[in-house]
Amino acid sequence: MTQLAPTAPLVRFAPSPTGYLHIGNARPALFNWLFARRHGGRFLLRYDDTDTQRSQAAFAEAIAEDLAWLGIHPDLTIRQSERLAIYDAAAERLRAAGRLYPCFETADELDRRRKRQLARGLPPVYDRAALKLTAEDRARLEAEGRKPHWRFRLEPRTVSWTDLVRGEAHVDCASLSDPVLAREDGSYLYTLPSVVDDAELGVTHVIRGEDHVTNTAVQIQIFEALGAPLPVFGHHNLLTTASGEGLSKRLGHLSLRGLRDSGVEALAVAALAVLVGSSDAVRPVASLDELAGLVELAHVSRAPAKFDEHELEALSARTLHQLPFEAVQPRLAALGVAGDEAFWLAVRGNLARLDEAKAWWRVVNGPLRPLLADAAFCAQAAALLPPEPFDATTWKSWTAAVSAATGLKGRALFMPLRQALTAQDHGPELAALLPLIGRERALKRLDGESA
Ligand code: GLU
């Protein structure tokens with residue numbers, strides 16, 4: 001981690017552990033992580049798990065794992081379910097300030113009211129009927145066993161902020177319903193705990209999807225009601241499928257683990273996730289730090305970003321093609337590929353997925369059954385194979401000698417040699433492979449022997 005700047009930013013990624021991360025919700029994670037990297041800040045992982053019905057520990061674990069696969073390693077992790085007392089205290093302060101008020105409407109009642117408003121051409125905004133309840137009304141309702149939910153009383157004014165992505169942003173809160181902050185059973189919806197945590201932990205920048213723009217206006221009013229300083233906000237565009245539909249959690253193959261299992265490079269997922277739809281072309285990167293230098297929140301497009309799986313596959317291949325050996329060595333080793341840097345540089349350009357390196361390792365290291373189309377020709381070529389040591393020029397001088405002896409050129413010369421040495425019609429440059437295969441193995445293969 002870079003050294004902390006004096007005014008080091010603190011950012012956060014705040015998933016609800018109710019499912020696996022997909023490429024769409026990896027975006028806020030990445031935008032925040034890259035922002036922290038770029039500005040010498042810290043990254044907080046916050047599990048928004050106050051919904052105990054839907055939150056699962058297994059999903060929380062999977063989220064941390066998927067973030068690690070992307071290269072995101074939080075500096076700090078917290079769980080909202082462990083911080084309820086802090087939210088209770090904040091709710092109490094809002095109650096005391098007259099900003100949090102009890103409401104007794106049932107979901108059915110609210111629904112009927114909304115329908116009536118819509119039928120009369122009115123916006124379906126909560127009418128604040130509960131604010132008119134007297135102390136006796138409340139006592140009577142409570143005596144009937146009704147439990148209140150709690151709404152935040154919004155001030156009917158326009159809230160403005162300078163958004164890191166969208167520039168000057170304004171939301172008129174007069175047209176919004178007072179948001180419910182706490183349910184009948186005392187549990188909190190996302191809105192209040194998010195503000196309390198951001199304030200308490202000193203989050204400096206809240207970077208999230210533009211589906212939260214209205215929340216931001218509401219949350220700014222809550223920050224202010226609590227007397228907490230405001231973070232800077234940024235709202236990035238949302239990702240849709242190539243045909244323009246929203247990505248849903250049901251799209252299993254676009255889950256980060258689905259992509260990982262299909263062999264897609266994490267760096268390609270990261271680069272596409274944050275550069276897609278931007279004016280800069282999406283390009284392969286060798287590290288998240290490099291990517292951090294390319295992402296300008298102010299340049300993120302306002303239009304929805306379209307995700308194209310073919311683009312991801314192509315970018316994944318291009319990502320592999322430029323990865324340095326040190327970046328892949330542990331992963332090659334895990335695949336049982338013991339090749340060195342020369343091996344990696346020889347084969348990387350031919351890979352669509354890293355595990356294809358296994359097949360090329362076999363080509364270099366054996367055992368391989370050669371493809372012998374013309375045994376006599378291969379025997380003649382074998383006799384001309386120079387002594388070791390082999391280097392990058394060996395292939396050229398050898399094939400020139402074979403060409404001079406046989407009169408063959410081009411494909412007629414190269415294809416039978418490639419087939420004998422690699423058992424394939426296509427592949428990496430033989431000039432690079434031959435020194436890796438070595439003389440002894442090459443001679444055996446030219447003789448039709450498995451080696
Ligand atoms: N749990 C919220 C979500 O996943 C967090 C939004 C935020 O970043 O404040 O949408």
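The values are calculated or read from the model by the stated rules, or taken from the named source; none is laboratory data. Computed from a predicted structure; not experimentally measured. Cβ atoms come from the backbone with ideal geometry, glycine included; neighbour counts cover every protein chain shown. Surface areas here come from the heavy atoms of the whole protein model, side chains and all, with no ligands, DNA or RNA. Shrake-Rupley method; radii C 1.70, N 1.55, O 1.52, S 1.80 Å.
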Subject >> the stretch 124-157: trypsin sites (Lys or Arg not before Pro) falling in loop per DSSP and having at most 16 other Cβ within 10 Å >> reply: R128, R146, R157
Subject >> Three-way shape call for the stretch 1-155 based on the alpha-carbon gyration tensor, with the a/c threshold at 1.5 >> reply: prolate
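Can you show me the helix-derived [θ] at 222 nm for the chain, built from DSSP H runs with n ≥ 4 at -39,500 (n - 2.57) apiece and divided by the number of residues, rounded to the nearest 500.
Helices in the chain give a 222 nm mean residue ellipticity of -13500 deg cm²/dmol.
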Original post:
What list of ³J(HN,Hα) couplings, whole Hz, do you get for the stretch 174-180 from phi and the Karplus terms 6.51, -1.76, 1.60, once you set θ to phi - 60° and write x for glycine and proline?
Top reply: 5, 9, 9, 6, 4, x, 6
Subject >> Net +/- balance of residues flanking P387 in space, Cβ distance below 14 Å, scoring K and R +1, D and E -1 >> reply: -2
Subject >> Residue-wise HN-Hα coupling along the stretch 399-408, computed from phi with Karplus coefficients 6.51, -1.76, 1.60 (Hz; x: Gly, Pro) >> reply: 5, 5, 5, 5, 4, 4, 6, 10, x, 7
Subject >> Accessible solvent surface per residue of the chain, calculated while the other protein chains remain in place, 1.4 angstrom probe, Å² >> reply: 47 Å²
Subject >> Under 17 Å from the Cα of K409 - lysines, other chains or at least 8 residues apart >> reply: K396
Original post:
How many percent of DSSP beta bridges within the stretch 178-324 run antiparallel, rounded to 5?
Top reply: 20 percent
Original post:
Round to a whole number: what % of the accessible area of the stretch 271-322 belongs to carbon and sulfur, probe 1.4 Å?
Top reply: 51 percent
Subject >> Qualifying lysines (Cα of each under 21 Å from Cα of K306; at least 8 residues distant if same chain) >> reply: K249
**OP:** Pull up the DSSP beta bridges for the chain and report the antiparallel fraction as a percent, rounded to 5.
**Re:** 45 percent
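Highest first, please rank the peptides 28-39, 303-314, 58-69 by the mean number of other Cβ atoms sitting within 10 Å of their residues.
28-39, 58-69, 303-314
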